[in-house]
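The structure appears right after this line, and notes come after that.
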Amino acid sequence: MSDVDWPAGFDRTDPEQRDTNEQYRVSLHEAVDDLAAELDLLDVDDWRLETPMRHQSRNLNYPYANQSEPDDSSVVLRWSMDGEQFAVACDAYSRVRDNVRTVGLYVREKRKMEARPVTTGESEFANARLPSGEAEAIVTNRSAHEVLGVDRDATPAEIRRAFRERVKEAHPDHGGSEAELQNVREAREVLLDGE
């Protein structure tokens with residue numbers, strides 16, 4: 001089991017005060033699936049789910065099934081969106097599944113509020129924005145050429161060929177991740193702008 005990197009300044013729930021939640025009727029996998037769907041609808045650049053459980057090597061945001069419940073059920077979700085870093089965390093419940101589900105419902109509610117045609121001073125996610133300097137960058141800082149592994153003077157045909165190869169490697173079904181796959185797609189768009 002791994003430790004969760006709890007965001008600085010976020011309040012913690014005393015383990016003795018954590019509730020047993022019987023309200024949610026989803027599995028841990030379903031809770032992560034629902035969270036992933038919400039983040040897709042939000043169109044985040046990249047995201048990472050941290051739990052104290054061991055996570056799958058092919059899909060880093062999913063804990064392995066059939067693990068015993070850890071002593072610490074904390075969950076932290078970090079994501080980047082429009083160049084800013086965000087985090088939300090939950091440790092109110094005694095099971096990881098319930099904390100993941102709560103985070104997913106929070107994101108859903110905020111996303112829906114963000115979509116309302118009401119003008120406010122800031123984004124609905126402003127309270128989840130991490131202060132600069134404390135945010136761990138999630139997106140890559142590599143150039144588009146580095147992401148695709150091509151020279152700066154590569155032809156469009158070479159770029160397309162490199163893209164096809166990198167997509168195979170970066171795809172979650174082949175050991176990559178959604179974040180890596182997205183970086184590869186964005187690199188292609190940058191290098192083949194307008195084609």
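Looking at the structure I just gave you, is Ala31 within 12 Å of Val100 (Cβ to Cβ) and either hydroxyl-bearing (Ser, Thr, Tyr) or out of contact with any Pro (no Cβ under 9 Å at 6 or more places or on another chain) (or both)? So Ala31 fits the description; yes. Taking the condition modelled with pLDDT of 90 or more, surrounded by 16 or more Cβ atoms within 10 Å (Cβ to Cβ) and either assigned by TED's automatic domain parsing to the domain that holds Val44 or not hydroxyl-bearing (Ser, Thr, Tyr) (or both), does Arg111 pass? No; evaluated as a whole, the condition is false for this residue. Evaluating Val4 against the criteria (1) surrounded by 12 or more Cβ atoms within 10 Å (Cβ to Cβ); (2) of a type in the set (Val, Ile, Thr); (3) in the same structural domain as Tyr62 (by TED's automatic domain parsing) leaves one unmet condition, (3).
Checked against the criterion of being over 21 Å from Asp45 (Cα atoms) and part of a helix (DSSP H, G or I), the candidates Arg161, Arg188, Arg166 yield just one match: Arg161. Within the stretch 21-39, no residue that is surrounded by 15 or more Cβ atoms within 10 Å (Cβ to Cβ) sits with its Cβ atom under 7 Å from a residue that is among the aromatic types (Phe, Trp, Tyr) and in a helix (DSSP H, G or I) at 6+ positions apart or across chains. Scan the stretch 77-92 for residues that are surrounded by 21 or more Cβ atoms within 10 Å (Cβ to Cβ) and either closer than 13 Å to Thr51 by Cα or among the basic types (Lys, Arg) (or both) and the total you get is 5. Report yes if some residue within the stretch 35-53 is more than 13 Å from the chain's Cα centre (by Cα) and at negative phi; otherwise report no. Scanning the stretch 35-53 turns up at least one residue that is more than 13 Å from the chain's Cα centre (by Cα) and at negative phi.
The values are calculated or read from the model by the stated rules, or taken from the named source; none is laboratory data. Since we're looking at a predicted model, the values are computed, not measured. With ideal geometry, Cβ positions are generated from the backbone for all residues, glycine too; neighbour counts draw on all protein chains shown.
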